[in-house]
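Peer 1: Before I ask anything, let me first share the structure, which is written out below as structure tokens.
The values are calculated or read from the model by the stated rules, or taken from the named source; none is laboratory data. If you're wondering where the values come from, they're calculated on a predicted model, not measured in any experiment. So basically every Cβ, Gly included, is an ideal-geometry build from the backbone, and we count neighbours across all protein chains shown. All accessible areas refer to the heavy atoms of the entire protein, side chains included, with ligands and DNA or RNA removed. Shrake-Rupley method; radii C 1.70, N 1.55, O 1.52, S 1.80 Å.
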Amino acid sequence: QERRNLFGGQFVAGQLTALAMPAVRRDRTSKEQRYSPMVGIPTNKKHGQHLLKNPGIVDKIVAAADIKPSDTVFEIGPGTGNLTMRLLEVAKRVVAYEIDGRMAAEVRKRAQNAGRNSLEVQEGDVLRTKWPTFDVCAANLPYQISSPFVFRLLAHRPVFRCAVLMFQKEFAERLVAKVGEKSYGRLAVNTSLFVKVSCVCKVSRGSFNPPPEVDSMVVRMVPRDPPIEVNFREWDGLMRICFGRKNKTLRSSFCTTHTLKLLTENYKTWCALTGAPAAKIPMKDLVLEVLNGLELTTTRAIRVDLDTYFRLLLEFNKRGIHFSNASPGLKIGEALAPQIAEDFFVDDGPLEDGEEADADAGADGMED
């Protein structure tokens, strides 16, 4: 006797025979992809597109930006709008610059569907277009524009209140590096003239779609108030000498044949312009007099803090030793970009392994 069981099978001669069921294709799309608007829009490798998909990181960026209801937020590379939508919740207005027209259309559509009318999307290269006035900058930057973007951001006027930016981890570590750390260099020192930089969080490569080949870091920049006043041409010349050979002592860096020749030419120019009598002693002795007076002769560049570098520049200038042919420079708050080189915010890189030598180890290789 056949009996149908509760599961739809049949008992036939004491055996359970299951009814045939159609095959079910497994959906291999992840939950994040199924419920994200990025599906269907392939990323463009040329533009360095890695779309941030981790909502926890988005929340940290927004929290670090400390956005006020009256703020205008400047966003670079909104992609499909995961960060943009959160910014629209807290800001009065968001101005987003997107180089990819497909992404620009997607983020516009997403904002409109959510009833957000305070988004303005500009299509184009952010490094080649005019920037708006803004209070806060927030961005998941394409890594290849990190240095030129920082250059333009810190030169932007009027000054912004805060910037929260995603960089490649190695670049970010050089931005936030402290005195004595392996990553401390020209990038950290020069950036600190304009802003105070701090780490918000580290970001694993799995937080992006597609994942990049390296990890990332979110940093927060707050402009100095009041700003530091310095002649940038003089400062830049000094930093290039100090950090050009940052595994050497300052004595070794300043006493190369090339550097002494450059400083001698600058000194003669300064004397000619000011009418000051030239010193009777060689340039090398003048340089060592300054370094000895500040007890920096056997110190390496990575061991010197910002205040000490200011003192070093001042003492050199007092003796007529200059680093930019004595040409006058402007100060922070005035027209900044024309007077400093575009590689002002490019670092010479961290010390390589094996370069943690004693402070006076570089003197043996000094050129006279």
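Peer 1: Give the number of residues within segment 310-334 that are surrounded by fewer than 19 Cβ atoms within 10 Å (Cβ to Cβ) and either at pLDDT 90 or above or acidic (Asp, Glu) (or both).
Peer 2: Summing the residues that are surrounded by fewer than 19 Cβ atoms within 10 Å (Cβ to Cβ) and either at pLDDT 90 or above or acidic (Asp, Glu) (or both) in segment 310-334 gives 8.
Peer 1: Go through (1) in a helix (DSSP H, G or I); (2) closer than 21 Å to Ala63 by Cα and name the single condition Ala139 misses.
Peer 2: (1)
Peer 1: Collect the residues in segment 178-198 that are closer than 28 Å to Ile67 by Cα and open to solvent by 70 Å² or more (accessible area, probe 1.4 Å), keeping them in residue-number order.
Peer 2: Of the residues in segment 178-198, the ones closer than 28 Å to Ile67 by Cα are 178, 187-198.
Of everything in segment 178-198, those that are closer than 28 Å to Ile67 by Cα and open to solvent by 70 Å² or more (accessible area, probe 1.4 Å) turn out to be Lys178, Lys196.
Peer 1: Here is a follow-up. Kindly state which helices (runs of 4 or more DSSP H) lie completely within segment 205-279 and contain at least 1 residues that are at negative phi, modelled with pLDDT under 90 and in contact with a helix residue (DSSP H, G or I) (Cβ under 7 Å, 6 or more places away or on another chain).
Peer 2: Values: elements: 232-244, 250-254, 257-274.
Hits in segment 205-279: 232-244.
Peer 1: When you look at Val159, is it at negative phi, open to solvent by 10 Å² or more (accessible area, probe 1.4 Å) and in contact (Cβ under 8 Å) with a residue 60 or more places away in the chain, yes or no?
Peer 2: Criteria met by Val159.
Peer 1: Out of the residues in segment 93-104 meeting the condition of being modelled with pLDDT of 95 or more and surrounded by fewer than 23 Cβ atoms within 10 Å (Cβ to Cβ), tell me which one is nearest to Ser118 (Cα to Cα). Quick ask: steps written out before the conclusion?
Peer 2: As a first pass, look at segment 93-104 and keep what is modelled with pLDDT of 95 or more: 93-97.
Those left that are additionally surrounded by fewer than 23 Cβ atoms within 10 Å (Cβ to Cβ): 93, 95, 97.
Working: Arg93: 5, Val95: 9, Tyr97: 14 Å.
Selected residue: Arg93.
Peer 1: Okay, next question. If I filter segment 26-43 for residues that are over 21 Å from Val121 (Cβ atoms), surrounded by 14 or more Cβ atoms within 10 Å (Cβ to Cβ) and at pLDDT 55 or above, do I get at least one hit?
Peer 2: No: segment 26-43 contains no residue that is over 21 Å from Val121 (Cβ atoms), surrounded by 14 or more Cβ atoms within 10 Å (Cβ to Cβ) and at pLDDT 55 or above.
Peer 1: Follow-up. Please work out if Ser192 is more than 23 Å from Arg300 (Cα to Cα) and either in contact with a strand residue (DSSP E or B) (Cβ under 9 Å, 6 or more places away or on another chain) or of a type in the set (Gly, Ala, Ser) (or both).
Peer 2: No: the conditions fail for Ser192.
Peer 1: Considering segment 163-199 alone, what residues qualify as being closer than 14 Å to Cys137 by Cβ and touching a helix residue (DSSP H, G or I) at 6+ places or on another chain (Cβ under 6 Å)? Write out each step before concluding.
Peer 2: Start the filter on segment 163-199 by keeping residues that are closer than 14 Å to Cys137 by Cβ, which leaves 163-167, 194-195, 197.
Within segment 163-199, Val164, Phe167, Phe194, Val197 qualify.
Peer 1: Shifting gears a bit: Cβ-Cβ distance below 9 Å, separation of 6 or more or different chains: which pairs start in segment 225-253 with a residue that is closer than 14 Å to Gly185 by Cβ and of a type in the set (Ser, Thr, Tyr) and end on one that is open to solvent by 50 Å² or more (accessible area, probe 1.4 Å) and part of a helix (DSSP H, G or I)?
Peer 2: Note: pairs meeting the criteria are Ser253/Gly244.
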